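Below you'll find the structure, written out as C-alpha cells, and then a few comments.
The values are calculated or read from the model by the stated rules, or taken from the named source; none is laboratory data. Here the structure is a predicted model, which means the values were calculated and not measured. Because the Cβ atoms are built from the backbone with ideal geometry, glycine has one as well, and the counts that use them run over all protein chains shown. Please note that ligands, DNA and RNA were not included when accessible areas were found on the heavy atoms of the full protein model with its side chains. Shrake-Rupley method; radii C 1.70, N 1.55, O 1.52, S 1.80 Å.
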Amino acid sequence: MDDASKERFRARVVSWTEPARGRRDRAVAASNRTGMTQLFAWEVGKPDLRQLTDRPEGTPAGTISGDGRFIYYVDDRAGDELGHWVRVPFEAGNAQDMTPELPPYASWDAKSNDDGSALAFSTATDDGFTVYVLRPDETGEDRLRRVYRSDALLEVLAIDAPGERVIIGTTEKTGTPRYALAVLDAETGQRVAELWDGPQSSLGNVIDSRVAGDQRVIAASDVSGDRRPLIWNPVTGERQDLPVGDLEGEVVPWDWSADGGEVLLCNFRQAVQRLFILDLGTGALRALDHPGGSYNHWAEVGTWFGPDGNIVAQWQDATHPRTVISLDRASGRQTGELLAPSAVPPSRPWRSVTFESDPGQTIQAWLAVPDGDGPFPTVIETHGGPESVMTEAFAPMAQAWLDRGFCILSINYRGGTTFGRAFKEVIWGRLGEAEVRDIVAGRTYLVDQGLARPDQVFLTGWSYGGYLTLHGLGTAPGLWAGGMAGVAVADWVSEYEDENEILRGYDRALFGGPPEEHMDAYVKASPLTYADRVDAPVLVIQGRNDTRCPARQVELYEARLRELGKRIEVIWFDAGHAAADVERAIEHQSAMLEFADRVLSEQAAPVAR
C-alpha cells in the first residue's frame, strides 16, 4: 500500500459523539487519535478531547450518563464483547465495575435518565434477555434490580427522566426482527403501556422529551411501508403521527429540541441524507441548507441539538474524513468546525448509481473510478448488517483500491435499511438469495457500462458483507476473479452454536427459529454448503475472539475448501469483531491488495507448455 493510502487510514477522526441527556454541554466521543479507537470526554464547543479509556483492544462503543458525570462502556475480554458495564468519571479516573455480582454477558444498549440516577440496560446470556435497572449511587440489594426477562430478542430504547419507566423494543409479538414498544415499571417490571402497529410493522428510534414533566416520546413506525415519525404518550396512550409532507423515502427522528417545540428529522432517499426541522406548533417542515454528504455512518447517532440550540453534526463525504461541525438551527448552513480531522491526501469522489436487479427492483450503489479509461479491474463491496446502509462516506479501504487502479462499487443490497420495509424484509428466512442477485446485477451493470473487466471482478465485505462475499463465490460461480471476506459468516449452523446470545436471538428472528427447527434454511444460506462450487481464490481475515462471527465456522469452511483442493488463505488476528486498531486495518488492507495483485498477475502469466 502506498503512503497516501496509509495516511487516509491514519487520519485522526472522531467516529461519533453522544451528548449527556440532561446537560448538552458534555458529551462522549469515540476517536482513533491514539491509533486505537478509544472513548473521550468532550466539553461541547471546545476544540480538545480528554482521553478516558486506554484498552489494548480499543473501546469503540459507550454512552454517557444523563448528568454528564460518567462514561459507561462494556469492559470485555480482548474484544469478545462479553463482560460487564463499567464507568469512568467524565474528568477521568479508574473504571468501576457496575455489575460485579453478574456473570459475563453481552450487552449493546444502555440508557441513562436525566440526572444519572438510573441506568437501564439489557443483557443476553444462556438464560435469555434480561432488563436491569441500575441505581449507580445507591447501596444495598436494590441497587441493581432485575425487572424483566424474555426469550425473545429485545433492547432498551429509553428510560424516562425520573427513572421510573423503561421503554424496550421487543420481538415477542412477532418472532421476527419487527419491534413493538413496551413500557416497564422500573421497580416491578410490570408492563404499564404498549405501542404496536400490527404484525407487519416495526417501531423504534425512540427519543424522550427534554421538557421537565413531559412524558411523551418521539418514535418511528414503518406501518406505512417506510419509517415515519410519531409522538406517543405512554401515560395517556395519546398518539400523533407527525406530518412530513410529500417526502419520499424514510423519515426518522434524530433529536428533540430542549423546549420541546422542534424535532430534528433525517430523510433517507436512495441512501442520500437530508436534514429537516419540524415545528410541532405549526406543523411547518423546514429543509436545512446543509452541506452534501452524510451526517452519520452505520448507526443513526452523532447529529443533535447542542447546548446553544444549534445543531452539532457528524459530517463526512467521500473526500472529507469524519468531522464534527456546527449547523445554524434556522438555516442549516455550516457555522464552524468543532472537532476537525487531521489532513489527508486528495481523495476521489463517489457518485450514486442505480440499476435493476430482479424485474422492477431498483438497487442503489456508490460508484468510484480511478484515473484513466476503463474497463478496470473492479471490486464490488457489500456493507455489514444486514440491517444497515452505506451512505456516502470517507472510506480509506475504498480509496486504497482506487489508488491501485481498481473501480469500486459499494452496493446497498436488499436486506438493508432506509429503503423501506419490503426491501429490508425480503431476505428474512432465505438469507443470501436476493442479496447475491443484487450483487450479480451490479457486476452486469459495471460490465455493460464498460467500467469492469469481466474476468477481473472481485468481491469483498466485512461481517455480513464478508458472508455475502463467501456466499456469492459459491452460489454464483464463474463470475469472480476472487473474494476477500473479513470477519465473515461461513456456516450459519455452527455460527449459531458459538455466537453470543444477542446474535442468537437475532438469528432466530431472521430465520424464524433456531437451526433445529429450520435446519434446511440455515444450511441453504451457508457458504459452506456450496464449497464445492467455488472456483476462485478466497482470502478470509478473521478474529480469534469474535463472538459475532466465531472462529470455528471459518475453520470448518477453510478445512472443507482445502479438502476439495480449492485455493484459500486465512489470516487470523487476536481480537474481536469491531475494528479499532488503525495499524491492523492497514495490514489487512495491504493483504487484500497483495492478494488481488497475485491473482491478476497469475492471469497475465503465460501458460507453460
Handout entry: Selection count, the range 91-104, where residues are within 16 Å of R135 (Cβ to Cβ) and open to solvent by 80 Å² or more (accessible area, probe 1.4 Å)
Key = 2
Fill in the blank from the handout: Checked the range 344-365 for anything open to solvent by 50 Å² or more (accessible area, probe 1.4 Å), among the β-branched types (V, I, T) and either without any contact (Cβ under 8 Å) to a residue 60 or more places away in the chain or over 23 Å from K424 (Cα atoms) (or both); matches are T362
Exercise for the section: Kindly list the number of the only condition in (1) part of a helix (DSSP H, G or I); (2) more than 30 Å from E594 (Cα to Cα); (3) touching a residue at least 12 places away in the same chain (Cβ under 8 Å) that fails for E558. Expected result: (2)
Handout entry: Residues within the range 511-532 that are over 24 Å from G576 (Cβ atoms), open to solvent by 10 Å² or more (accessible area, probe 1.4 Å) and free of Cβ contacts under 8 Å to residues at least 60 places away in the same chain, tallied
Key = 8
Exercise for the section: Could you please let me know if G384 is surrounded by 21 or more Cβ atoms within 10 Å (Cβ to Cβ) and farther than 26 Å from R453 by Cβ? Expected result: yes
Exercise for the section: Sort out which residues of the range 139-150 are closer than 30 Å to D498 by Cβ and either surrounded by fewer than 17 Cβ atoms within 10 Å (Cβ to Cβ) or among the small types (G, A, S) (or both), and write them in order of number. Expected result: R146, R149, S150
Handout entry: Residue ID - most open to solvent (accessible area, probe 1.4 Å), chosen from residues in the range 458-484 that are hydrophobic (A, V, I, L, M, F, W, C) and outside any loop (DSSP other than H, G, I, E, B)
Key = W462
Fill in the blank from the handout: F355 meets each of (1) within 30 Å of A578 (Cβ to Cβ); (2) of a type in the set (A, V, I, L, M, F, W, C); (3) touching a helix residue (DSSP H, G or I) at 6+ places or on another chain (Cβ under 7 Å) with one exception, condition (1)
Handout entry: When residues of the range 31-53 are limited to those that are closer than 20 Å to D67 by Cα and at pLDDT below 95, the one most open to solvent (accessible area, probe 1.4 Å)
Key = K46
Practice task
For the range 151-250, please list each of the strands (runs of 3 or more DSSP E) lying entirely inside it that holds at least 1 residues being open to solvent by 60 Å² or more (accessible area, probe 1.4 Å) and either under 18 Å from S122 (Cβ atoms) or touching a residue at least 60 places away in the same chain (Cβ under 8 Å) (or both).
Solution key: 154-159, 165-170, 191-195
Handout entry: Set A579, A604, A559: member being open to solvent by 70 Å² or more (accessible area, probe 1.4 Å), under 19 Å from Y467 (Cα atoms) and hydrophobic (A, V, I, L, M, F, W, C)
Key = A579
Handout entry: Of all residues in the range 54-66 being open to solvent by 40 Å² or more (accessible area, probe 1.4 Å) and without any contact (Cβ under 8 Å) to a residue 60 or more places away in the chain, the one that is nearest to A340 (Cα to Cα)
Key = D54
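Okay, residues lined up against (1) open to solvent by 10 Å² or more (accessible area, probe 1.4 Å); (2) over 22 Å from the mean Cα position of the chain (by Cα); (3) under 23 Å from D546 (Cα atoms); (4) without any contact (Cβ under 8 Å) to a residue 12 or more places away in the chain:
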| residue | (1), (2), (3), (4) |
| --- | --- |
| G68 | no, yes, no, no |
| D76 | yes, no, yes, no |
| W85 | yes, no, yes, no |
| P89 | yes, yes, no, no |
| K111 | yes, no, no, no |
| T123 | no, no, yes, no |
| D126 | yes, yes, yes, no |
| D137 | yes, yes, no, no |
Exercise for the section: Might you check whether a residue that is surrounded by 20 or more Cβ atoms within 10 Å (Cβ to Cβ) and touching a Phe, Trp or Tyr at 6+ places or on another chain (Cβ under 6 Å) occurs anywhere in the range 1-14? Expected result: no
Exercise for the section: Could you please find all residues in the range 352-373 being within 19 Å of Q273 (Cβ to Cβ) and outside any strand (DSSP E or B)? Expected result: none
